[in-house]
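Engineer: Here it is, the structure, as structure tokens.
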Amino acid sequence: MHLLEAVILGLVQGLGEFLPISSSAHLVLVPWLFGWIDPGLTFDIGLHIGTLIAVVIYFWKDWWTLLTAGVKGISTRDGRLFWYLVAATIPGAGIGFILESKAETIFRTPLLIAFMLIIMGIILYWADRRGRKVVGIGDISLKTSLLIGLSQALAIIPGVSRSGITMTTGLLLGLTREDAARFSFLLSTPIILGAGLIKFPEILANPAMVDTNFLVGMLVSAVIGLLSIGFLLRYVQTKDFRPFAWYRFALGTLVIAFVVFRG
């Protein structure tokens, strides 16, 4: 891998992890489209560590408030939200662990990714138009939290998008755009952390993996991820998700065309 490739993939991860366009899809498609060697899931984990750093930096005050309230129980809104986030993490983490081998093989095919980009783009567009957008994150219920967490399991398929599916489900369940995005970002913290911890022994056993490209990709994904979170939270205060849906349609169509004409 060239250093420029690591920078580009870090940029792709930082944008795709928090915008509803699927970072995992882009980490497969960018090397495929440009003829690069696929860096594999271990390098992907390094990029995810970068976005974990980003979400922790951005939301550290929120997490500190939630954690301290959660220790005291569920008598407050912050305490309930903390335990709802914990509960919502379990379905996605469990299913993701079971299907990890498929995530490394059959799910990483360009044609499947293209169709998932388009299908989820349609669902995101529809949910954004039909959602009631009246529920704030402080009023979220356990049922809503669990449904959002369960939907997160679908993100094991590149092209679905973890942030995209959780925001879409939040919109369908009545959350405002900003609170659907905020809940999605908070929910991403334990999932990304868990994915990193699972792969960490592999990295320790092969320290040569942590080279300059690994570190540069991680740094770029952290910086761009931090900027992406701030951008989206400001954007959804006044605008809708249509540009992201249209982007998904365009990219999915492009990939299908490449598959057809490349034979």
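Laboratory data are not the source of any read-out in this text; all were calculated from the coordinates shown. Owing to the predicted nature of the structure, the values given are computational and were not obtained by experimental measurement. Neighbour counts run over all protein chains shown; Cβ positions are idealised from the backbone, glycine included.
Engineer: Please find, within the stretch 189-240, the residue that is farthest from SER151 (Cα to Cα) out of those that are part of a loop (DSSP other than H, G, I, E, B) and of a type in the set (Asp, Glu).
Structural biologist: ASP211
Engineer: Same structure, new question: When you go through ILE74, ILE21, ILE37 one by one, which is the residue that is crowded, with 23+ Cβ neighbours inside 10 Å and assigned to a loop (DSSP other than H, G, I, E, B)?
Structural biologist: One residue alone meets the criteria, ILE21.
Engineer: Of all residues in the stretch 57-71, count the ones that are within 21 Å of LEU232 (Cα to Cα) and either surrounded by fewer than 15 Cβ atoms within 10 Å (Cβ to Cβ) or out of contact with any Phe, Trp or Tyr (no Cβ under 8 Å at 6 or more places or on another chain) (or both).
Structural biologist: Matching residues across the stretch 57-71 total 5.
Engineer: Quick one: VAL210 ticks every box in (1) of a type in the set (Val, Ile, Thr); (2) over 23 Å from ASP139 (Cα atoms); (3) under 19 Å from the mean Cα position of the chain (by Cα) bar one, so which box is it?
Structural biologist: Exception for VAL210: condition (3).
Engineer: Within the stretch 97-113, does at least one residue satisfy the condition of being in a helix (DSSP H, G or I), among the hydrophobic types (A, V, I, L, M, F, W, C), over 30 Å from ALA257 (Cα atoms) and out of contact with any helix residue (DSSP H, G or I) (no Cβ under 7 Å at 6 or more places or on another chain)?
Structural biologist: Scanning the stretch 97-113, I find at least one residue that is in a helix (DSSP H, G or I), among the hydrophobic types (A, V, I, L, M, F, W, C), over 30 Å from ALA257 (Cα atoms) and out of contact with any helix residue (DSSP H, G or I) (no Cβ under 7 Å at 6 or more places or on another chain), so the answer is yes.
Engineer: Residues of the stretch 8-18 being assigned to a helix (DSSP H, G or I) and either touching a Gly at 6+ places or on another chain (Cβ under 7 Å) or among the charged types (D, E, K, R) (or both), which ones?
Structural biologist: Once the filter is applied, which keeps residues that are assigned to a helix (DSSP H, G or I) and either touching a Gly at 6+ places or on another chain (Cβ under 7 Å) or among the charged types (D, E, K, R) (or both), the stretch 8-18 yields LEU9, GLY10, GLN13, GLY14.
Engineer: Residues of the stretch 189-227 being without any contact (Cβ under 8 Å) to a residue 24 or more places away in the chain and among the acidic types (Asp, Glu), which ones?
Structural biologist: The one that is without any contact (Cβ under 8 Å) to a residue 24 or more places away in the chain and among the acidic types (Asp, Glu): ASP211.
Engineer: Can you run down the residue pairs with Cβ atoms below 7 Å, 6 or more apart or on separate chains, where the first is in the stretch 9-32 and touching a residue at least 24 places away in the same chain (Cβ under 8 Å) and the partner is of a type in the set (Asp, Glu) and surrounded by 24 or more Cβ atoms within 10 Å (Cβ to Cβ)?
Structural biologist: These pairs meet every condition: SER23/GLU17.
Engineer: In addition: Restricting the search to the stretch 66-99, which residues are among the aromatic types (Phe, Trp, Tyr) and more than 19 Å from LEU197 (Cα to Cα)?
Structural biologist: Residues satisfying the conditions are PHE82, TRP83, TYR84.
Engineer: State the number of residues belonging to the stretch 147-188 that are in a helix (DSSP H, G or I), more than 24 Å from ILE57 (Cα to Cα) and under 17 Å from the mean Cα position of the chain (by Cα).
Structural biologist: Count: 9.
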